[in-house]
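Quick notes on the structure that follows.
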Amino acid sequence: MVYLDYNATAPYSPSVVEFIRSELVDCWANPSSEYALGLAGAEVIKSAREKLGETLGVSPKGLIFTSGATESINTVLSFDNLSNHGIKRIISSPLEHSATLDQLKYLAKHGIEIVWIKNDSEGQLDLDSVSQLVQNHSLVTILHANNEIGTIHPIKEITQIVHDKGGLIHIDAVQALGKIPVDLDDLDVDFASFSGHKIGSMKGIGALFVKALKKFSPLLRGGGQERGYRPGTLNAAAIKSFALALKDIDLDKMKALEDLRNSFEIEVRSKLGAQVNGGGAPRLPNTSNIFLEGRSSRDVLMKLSKEKIYVSVGSACSSGSFEPSHVIRGLGFSNERGFSSLRISMGYEIERAHLNGLIGLL
Ligand code: PLP
């Protein structure tokens, strides 16, 4: 098998595999129980929060475990949290993940003003438009790195613009975590969302960073777990697996994938006439999104799948018909380009031979 769909989800990282094989069966107690069994679980959660804080360069106090990034994003973009900060306008990009876009659509229906940052055909944001759009009482919500084309946004610069104008910023840092350094203290963002399964943890676990906890409202109401910021019995096993996956991050190994990715792109451009979506922008080292003119990327996906090579395509099935990717369309391209685009997203184990095998089948 050659797995090239790491941006969809990552296989369990080595320490997570070991944990699942040897310890998972013992990790069932309720970590809120006050007897020793529960306290051991509470200790697991405390050290996982510390590990996450260490990885992200922030105090663990501002970190809340959630069921994943969809929940984290929806929490930041909830009516309660918007109203706590007097947010009247949200500024975002049409290239966001659907977890953000769908919630923004919902908010728009209920009277929140949503305005859009312009981008060029490589997916780079127009920072002048950010500056024009942000007002006092605005929230900018933006991807740190795009899941489909891998483009990295200049978060530090955007944050400065936003804060200078009296606004707040939330980043969807799901794809950035584990692929490029994410230092929240340095980035100075107000909120950040993360997902464990993109770095090799079990699924159903993520995190939310909140700088100003005093002004934070939980999405759910119930028990006092997570200091009341996210009630619901904690999944200690998944949280432990998140911490283990964080421990297995190796940014040097990730950076080394950039050379492989670049030589893959040189070859598909010259041999197959492929074009690279977002290829002119700073990108995640593991991600390549290629446009193969005149080819159906679904047909290519099925052909590769028969050979146990797994990639993803720039279109998705919605209400029984295929829709081209909103990201490819958002770059200003036609539906056809969406139907003919393929995403290859690599993990540490990928070598040149794997990519040569892929090119041979394209
Ligand atoms: N944001 C981005 C950029 C993603 O790639 C994903 C995963 O598909 C999500 C949010 C949602 O994350 P989760 O699966 O943890 O809800």
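Could you run through region 1-29 and say how many residues are of a type in the set (A, V, I, L, M, F, W, C), in contact with a Lys or Arg (Cβ under 9 Å, 6 or more places away or on another chain) and more than 15 Å from Asn235 (Cβ to Cβ)?
5
Here are some conditions: (1) without any contact (Cβ under 8 Å) to a residue 40 or more places away in the chain; (2) in contact with a strand residue (DSSP E or B) (Cβ under 6 Å, 6 or more places away or on another chain); (3) among the aliphatic types (A, V, I, L, M); (4) away from the ligand (no atom under 16 Å from the Cβ). Ile171 meets all but one. Which one does it not meet?
(4)
Looking at this structure, is Lys211 away from the ligand (no atom under 16 Å from the Cβ) and either in contact with a His (Cβ under 9 Å, 6 or more places away or on another chain) or of a type in the set (Phe, Trp, Tyr) (or both)?
no
Do the conditions hold for Gln160, that is, is it modelled with pLDDT of 95 or more and surrounded by fewer than 22 Cβ atoms within 10 Å (Cβ to Cβ)?
Criteria met by Gln160.
Is at least one residue of region 55-68 farther than 15 Å from Asp190 by Cα and part of a loop (DSSP other than H, G, I, E, B)?
Yes: region 55-68 contains one or more residues that are farther than 15 Å from Asp190 by Cα and part of a loop (DSSP other than H, G, I, E, B).
So is Lys198 in contact (Cβ under 8 Å) with a residue 60 or more places away in the chain, within 16 Å of the ligand (Cβ to nearest atom), out of contact with any Ser or Thr (no Cβ under 6 Å at 6 or more places or on another chain) and part of a loop (DSSP other than H, G, I, E, B) or not?
On the way: in contact (Cβ under 8 Å) with a residue 60 or more places away in the chain: yes; within 16 Å of the ligand (Cβ to nearest atom): yes; out of contact with any Ser or Thr (no Cβ under 6 Å at 6 or more places or on another chain): yes; part of a loop (DSSP other than H, G, I, E, B): no.
For Lys198, the condition - in contact (Cβ under 8 Å) with a residue 60 or more places away in the chain, within 16 Å of the ligand (Cβ to nearest atom), out of contact with any Ser or Thr (no Cβ under 6 Å at 6 or more places or on another chain) and part of a loop (DSSP other than H, G, I, E, B) - is not met.
Taking Glu148 as the residue in question, decide whether it is acidic (Asp, Glu), out of contact with any Pro (no Cβ under 7 Å at 6 or more places or on another chain) and crowded, with 16+ Cβ neighbours inside 10 Å.
Yes: the conditions hold for Glu148.
Go through the residues of region 349-362 one by one and say whether even a single one is modelled with pLDDT of 95 or more, assigned to a helix (DSSP H, G or I) and among the polar types (S, T, N, Q).
yes
Under 7 Å between Cβ atoms, which residue pairs at least 6 apart in sequence (or on different chains) link something in region 121-134 that is more than 17 Å from Arg89 (Cβ to Cβ) with a partner that is surrounded by 15 or more Cβ atoms within 10 Å (Cβ to Cβ) and among the charged types (D, E, K, R)?
Asp126/Lys118
Residues checked against (1) closer than 22 Å to Asn262 by Cβ; (2) of a type in the set (Phe, Trp, Tyr):
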residue	(1), (2)
Arg283	yes, no
Phe291	yes, yes
Ser296	no, no
Tyr310	yes, yes
Ser334	no, no
Gly338	no, no
Ser341	yes, no
His354	yes, no
Gly360	yes, no
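Give the number of residues within region 137-161 that are closer than 19 Å to Leu104 by Cα and either acidic (Asp, Glu) or assigned to a loop (DSSP other than H, G, I, E, B) (or both).
4
Restricting to region 202-223, name every residue that is in a loop (DSSP other than H, G, I, E, B) and without any contact (Cβ under 8 Å) to a residue 12 or more places away in the chain. Please lay out each step first, then the result.
First pass over region 202-223, keeping only residues in a loop (DSSP other than H, G, I, E, B): 202-205, 211-212, 216-223.
If the condition is that a residue be in a loop (DSSP other than H, G, I, E, B) and without any contact (Cβ under 8 Å) to a residue 12 or more places away in the chain, then Arg221, Gly222 are the ones that fit.
How many residues does region 259-270 hold that are under 23 Å from Val182 (Cα atoms), touching a residue at least 24 places away in the same chain (Cβ under 8 Å) and either of a type outside the set (A, V, I, L, M, F, W, C) or not in a helix (DSSP H, G or I) (or both)?
Matching residues across region 259-270 total 1.
Could you list, in sequence order, the residues of region 82-108 that are away from the ligand (no atom under 16 Å from the Cβ) and part of a strand (DSSP E or B)?
Residues satisfying the conditions are Arg89, Ile90, Ile91.
Could we say that Thr159 is of a type in the set (Ser, Thr, Tyr), within 21 Å of Thr70 (Cβ to Cβ) and away from the ligand (no atom under 16 Å from the Cβ) here?
no
Taking region 227-258 only, how many residues are part of a loop (DSSP other than H, G, I, E, B) and more than 23 Å from Ser78 (Cβ to Cβ)? Show your work before the answer.
Going through region 227-258, the residues part of a loop (DSSP other than H, G, I, E, B) turn out to be 229-235, 248-250.
Now restrict to residues that are more than 23 Å from Ser78 (Cβ to Cβ): 248-250.
The qualifying residues number 3.
Gly294 fails exactly one of the following numbered conditions: (1) of a type in the set (Gly, Ala, Ser); (2) closer than 25 Å to Met254 by Cβ; (3) more than 25 Å from the chain's Cα centre (by Cα). What is the number of that condition?
(2)
Right, Gly204: within 11 Å of the ligand (Cβ to nearest atom) and surrounded by fewer than 24 Cβ atoms within 10 Å (Cβ to Cβ) or not?
Answer is yes for this residue.
Of all residues in region 69-81, which are part of a helix (DSSP H, G or I) and within 16 Å of the ligand (Cβ to nearest atom)?
Selection gives Ala69, Thr70, Glu71, Ser72, Ile73, Asn74, Thr75, Val76.
For region 8-22, does any single residue satisfy the condition of being surrounded by fewer than 17 Cβ atoms within 10 Å (Cβ to Cβ), under 20 Å from Leu219 (Cα atoms) and more than 16 Å from the ligand (Cβ to nearest atom)?
no
The values are calculated or read from the model by the stated rules, or taken from the named source; none is laboratory data. This one's a predicted model, so the numbers in the text were calculated from it and none came from an experiment. Don't worry about glycine lacking a Cβ; one is built from the backbone with ideal geometry, like all the others, and counts go over all protein chains shown.
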